[in-house]
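Everything on this sheet refers to the single structure shown next.
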Amino acid sequence: MKSYKLEGRVINGLDDHVIEKGCVLVEQDKIVFVGTVEECPNLIPELVETIQIPNATIMPGFIDCHAHVVGADSQDYDECTASHMDLILNAAHDLGQLLDSGFTSIRDMGLFGPSLSRAVDLGLVRGPKIMPSGRIISVTAGHGDHGYQFSKAYLNEHSPLSVLADGVPECLEAVRTQFRNGAKFIKVMATGGVSSPIDKITDVQFSETELKAIVAEAERRGTYVAAHCTGTEGTLNALKAGVKSIEHGVMLDESCIQIMVENDCTLVSTLAISLGIPKMKAVLPAHIYEKGKVCAEKNLKSIEMARAAGIRIAFGTDYTNSKNTRYSDIGKEFEAMIEAGLTPMEAIQSATKNAAYLLKQSDEVGTIEVGKTADLVMVSGNPLEDISVLRGSEKIKIILQNGVLVKRSE
Ligand SMILES: [Zn+2]
C-alpha cells in the first residue's frame, strides 16, 4: 500500500483546534502523523504521494447515522413489490454514490445492510463501511407498515425496510432474526411518522412492555436500540425503556431531555428532510406535506433544547437517493444543521466524532489522530466559513478509506 501526505487546513473532528497549514501522513491503513507542515517528518519521496489542492481542508471521513440503503428510490422501484435481486443490485450502486460524497461509514437500517456490510468489507462493493440494524421493527399499522393492501405475512416476507411485530413473543423473534442476519444494533419505530400513510405523528407505537423486552434482548447481545421518535409521548416511552439513540427527536420536551442526559442518549437529527418538507408542497403527497409542516417548527425547538442540555447530536439524513434526497448532495444536512443553530464546527463533529460513538467505533474512526484508521476527506474551501463546500460529491475532491485512495477529482 502507498503512503500519502495530505496538506491543508486540518479539522480533526475531535476538538475545536484547527491547524491552518497542516499535514496528515498515512501509512498502510493508519494515520501516522498529524501536525503542521513544518513538523511533518520527511519520508523518502518515492514512497509517499503528496496531495495538495487549493485552499484545502482535511477532515475525518463523514458518517451518516441514519441511512436506509434499500435500492428502491433511485430507480423508482416500489419497495413492497420489486424483486429483492433488483433492489440489492441498485443498493450496491447507490452505496458508491454515498462514498463519493465523503461518507466512509454509515449506520444502515434495512434488510440488505448486513449483506452490503459484508460485501464492502470484502472489497466486492464500493461504499461506506456499514453498521447494520437489519429490518426496522414496527407494530402493525405503525410507521413501518407500508400498506394495508398487503397482508402482514407478505410485508414481513417482502418489505426491505421493516418487519411488523405485535406482542412480546413476536418482538423477541424479530430482534433475534435481525441478529441472526448480522445486525449490530436494533431499530424500532416508537411513534408514528411523516411518510407512513396510516398513522399520526403523535401515535404511540409499542407498549412499554414490548419496548422493554426489545431493549433487554439487544442488551443481552451487547448492543443497543435506536428508536424512530416523532411525538412526545412515544419518545418518552422509548426513553423509559432504555433506548440509546433517538432518531429525529422532533418533539422533545423537558422530561425527554432529562432522561436523555441521564442515560447518555444520543440525538440523531435528520434536519435537511425535516426542514425541507415545508418548502416542497408541490412535489409531495398531501399526507407527507401536512405532517411534515407540523414537524419542522417543533424540530427546531427540540434541537435548541438538546444543544442547551449538552446532548450529543449525531449526523443522520434519512436520505434514500430519491430525486429529492440525492446521495450526490447529501451534505445538505450540514447546511440544515447550521439553519437549526449549530456552529459549522459542531456540525462537522456531529458527522465525525459523535457519529463514531454511535457506531461504537470511537477507537477506530471519526477523528484525525495518530493510530486511527485513515478514513479522510479533503475539500477545496473552508467549511468553517462556508458550510456549502461539504454539500456533496462534486465538492469532495479526495477520499481515503482504510488508507486507500477511493476518490480523486481535482
Ligand atoms: Zn428513517
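Summary table below
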| item | result |
| --- | --- |
| The chain: equivalent-ellipsoid semi-axes (sqrt of 5 x gyration tensor eigenvalues, Cα, Å) | 35, 22, 20 |
| Computed label-point distance, nm, for sites D76 and T36 using a 7 Å Cα→Cβ extension | 5.7 nm |
| Among beta bridges that DSSP assigns inside the chain, antiparallel share in %, nearest 5 | 45 percent |
| Centroid-to-centroid separation of the stretch 167-237 and the stretch 374-397 [C-alpha atoms, Å] | 35 Å |
| For G310, net neighbour charge (Lys/Arg +1, Asp/Glu -1) across residues whose Cβ lies under 13 Å away | -2 |
| Extension gain, I198 back to A286 (0.36 nm per residue minus Cα-Cα distance, nm) | 30.4 nm |
| Built amide H within the under 5 Å cut-off of I137, gap 5+ | V163, K187, V188, M189 |
| For the stretch 185-194, Karplus couplings with θ = phi - 60° (6.51, -1.76, 1.60), whole Hz, Gly/Pro x | 7, 10, 10, 10, 9, 8, 9, x, x, 6 |
| Gap separating the Cα centres of the stretch 344-370 and the stretch 37-60, nearest whole Å | 22 Å |
| Longest to shortest principal axis, alpha-carbon extents of the stretch 17-113, angstrom | 59, 31, 23 |
| Given charges at beta-carbon only (K, R positive; D, E negative), |dipole| of the stretch 62-358 in Debye | 460 debye |
| Phi to ³J(HN,Hα) by Karplus 6.51 cos²θ - 1.76 cosθ + 1.60 over the stretch 77-90, Hz, x for Gly, Pro | 6, 7, 5, 7, 10, 5, 5, 4, 5, 5, 4, 6, 5, 5 |
| Relative packing of peptides 372-380, 289-297 - highest average C-beta neighbours within 10 Å first | 372-380, 289-297 |
| Formal net charge of residues neighbouring P41 (Cβ-Cβ distance under 14 Å; K, R +1; D, E -1) | -3 |
| Accessible solvent surface per residue of the stretch 62-358, calculated while the other protein chains remain in place, 1.4 angstrom probe, Å² | 37 Å² |
| Of all accessible heavy-atom area on the chain, the percent that carbon and sulfur account for (1.4 Å) | 51 percent |
| Cysteines having no other Cys beta carbon under 4.7 Å from their own, within the chain | C65, C80, C171, C229, C256, C265, C295 |
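The values are calculated or read from the model by the stated rules, or taken from the named source; none is laboratory data. All of these numbers come straight from a predicted model, not from anything done at the bench. Heads up, the Cβs are rebuilt from the backbone with ideal geometry, glycines too, and the neighbour counts pull from every protein chain shown. Surface accessibility is based on the protein's heavy atoms, side chains included, excluding ligands, DNA and RNA. Shrake-Rupley method; radii C 1.70, N 1.55, O 1.52, S 1.80 Å.
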